[in-house]
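One structure is given here, and the rest of the page talks about it.
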Amino acid sequence: MTDFNDVILLTLSFEYQQQIHEIHPVLLKSEGDLVLVDCGYPNFLPQLSEAMNAHGYELEELTALFITHQDDDHMGAAAALKRLYPHIEIVTSELEAPYVTGEKRNLRLVQAEAVLASMPEAHKPFGREFVARMERLEPVKVDRTVKHGERLPWAGGCEIMMTPGHTPGHASLYLEPFGFLITGDAAVVENDELVIANPHFCLDLETAKASLEQLKKLPVKQYLCFHGGRI
């Protein structure tokens, strides 16, 4: 039997541009499984390890990593994690998989290159840094793909919810036994409100809006957001 302690919202803190930021991967515990949902930026394994240790878990205990989408803050540490612990199963949606594996060019990089070309000169140093960062993003082999409506046994049972817009294959996880929804970047918490993550970064804003409305219609007791935490 599972309980609320089987769904653990982690907090990874880091400094960027002289400000402290937080991101929130999620651990899903069940008999025989310890699943991580998203893993942070490249080189974030120490922060991830520390956050898991605080709850009594080790990286090597992970059995699977679910990647909600291809952005570097969500999959950046995946390749390093897989190298250290090859037994960890890498899981993502069918539509997102070719970008995670590098079979197709990362869409955030494509977007960043297009924006850079039309940026004012004063903003181009940041644009170039962002492009270089995305070029360094290391792909990772996907062991398993999933699709909308597919049910997985993690933490007592969860359902794949395709929530496109931020990226075409973005997926969220609905944990119906708890009434929890792990949003990825389909939604974030801002000023105690559930909103679209970085509208300017959405690859399809209208689709992202529709995905957010879809999530809001579910019988959810608590949203677990990668940016912003619980609401």
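The values are calculated or read from the model by the stated rules, or taken from the named source; none is laboratory data. What you see is a predicted model; the values in this text were computed from it and never measured. For neighbour counting, all protein chains shown are included, and Cβ atoms are generated from backbone atoms with ideal geometry for every residue, glycine included.
Could you list, in sequence order, the residues of the stretch 104-156 that are out of contact with any strand residue (DSSP E or B) (no Cβ under 7 Å at 6 or more places or on another chain) and of a type in the set (G, A, S)? Can you show your working first?
To start, the set of residues in the stretch 104-156 that are out of contact with any strand residue (DSSP E or B) (no Cβ under 7 Å at 6 or more places or on another chain) comprises 104-139.
Across the stretch 104-156, the qualifying residues are A112, A114, A117, S118, A122, G127, A132.
Being out of contact with any Leu (no Cβ under 9 Å at 6 or more places or on another chain), free of Cβ contacts under 8 Å to residues at least 40 places away in the same chain, of a type in the set (S, T, Y) and closer than 26 Å to F178 by Cβ is true for just one of S13, S93. Which residue is that?
Values: S93 fails: free of Cβ contacts under 8 Å to residues at least 40 places away in the same chain.
Of S13, S93, the one residue that is out of contact with any Leu (no Cβ under 9 Å at 6 or more places or on another chain), free of Cβ contacts under 8 Å to residues at least 40 places away in the same chain, of a type in the set (S, T, Y) and closer than 26 Å to F178 by Cβ is S13.
Looking at (1) touching a Phe, Trp or Tyr at 6+ places or on another chain (Cβ under 7 Å); (2) of a type outside the set (D, E, K, R); (3) more than 25 Å from Q111 (Cα to Cα); (4) at pLDDT 95 or above, which is the only condition F178 fails?
Of the numbered conditions (1) touching a Phe, Trp or Tyr at 6+ places or on another chain (Cβ under 7 Å); (2) of a type outside the set (D, E, K, R); (3) more than 25 Å from Q111 (Cα to Cα); (4) at pLDDT 95 or above, the odd one out for F178 is (4).
Show me the strands (runs of 3 or more DSSP E) found entirely inside the stretch 161-231 where at least 3 residues are crowded, with 21+ Cβ neighbours inside 10 Å. Quick ask: steps written out before the conclusion?
Details: elements: 171-175, 180-184, 188-190, 193-195, 222-225.
Because the criterion is at least 3 residues that are crowded, with 21+ Cβ neighbours inside 10 Å, the strands (runs of 3 or more DSSP E) in the stretch 161-231 that meet it are 171-175, 180-184, 222-225.
Out of all the residues in the stretch 127-152, which are within 28 Å of L175 (Cβ to Cβ) and modelled with pLDDT under 95?
none
Out of everything in the stretch 132-160 that is among the basic types (K, R) and not in a loop (DSSP other than H, G, I, E, B), what residue ends up being surrounded by the fewest Cβ atoms within 10 Å (Cβ to Cβ)? Give the derivation first.
Of the residues in the stretch 132-160, the ones among the basic types (K, R) are 133, 136, 141, 144, 147, 151.
Add one more test, that the residue is not in a loop (DSSP other than H, G, I, E, B), and what stays is 133, 136, 144, 151.
Values: R133: 16, R136: 10, R144: 12, R151: 12.
The selected residue is R136.
Does M52 qualify as being hydrophobic (A, V, I, L, M, F, W, C) and closer than 14 Å to L137 by Cβ? Let's see the steps before the verdict.
On the way: hydrophobic (A, V, I, L, M, F, W, C): yes; closer than 14 Å to L137 by Cβ: no.
For M52, the condition - hydrophobic (A, V, I, L, M, F, W, C) and closer than 14 Å to L137 by Cβ - is not met.
Would you check which residues across the stretch 1-34 are part of a loop (DSSP other than H, G, I, E, B) and within 23 Å of F130 (Cα to Cα) and list them?
Residues of the stretch 1-34 part of a loop (DSSP other than H, G, I, E, B): 1-3, 10-11, 17-18, 24-25, 31-32.
Passing the criteria: Q17, Q18, H24, P25.
Name every residue in the stretch 35-72 that is under 18 Å from P86 (Cα atoms), without any contact (Cβ under 8 Å) to a residue 24 or more places away in the chain and assigned to a helix (DSSP H, G or I), in order of residue number.
P46, S49
Which condition from (1) of a type in the set (A, V, I, L, M); (2) within 24 Å of L28 (Cα to Cα); (3) touching a His at 6+ places or on another chain (Cβ under 6 Å) is the one that A208 breaks?
Only one criterion in (1) of a type in the set (A, V, I, L, M); (2) within 24 Å of L28 (Cα to Cα); (3) touching a His at 6+ places or on another chain (Cβ under 6 Å) is unmet by A208, namely (2).
For E31, indicate whether it is more than 17 Å from the chain's Cα centre (by Cα), of a type in the set (D, E, K, R) and either modelled with pLDDT under 95 or surrounded by fewer than 21 Cβ atoms within 10 Å (Cβ to Cβ) (or both). Walk me through it before giving the result.
On the way: more than 17 Å from the chain's Cα centre (by Cα): yes; of a type in the set (D, E, K, R): yes; either modelled with pLDDT under 95 or surrounded by fewer than 21 Cβ atoms within 10 Å (Cβ to Cβ) (or both): yes.
In short, yes.
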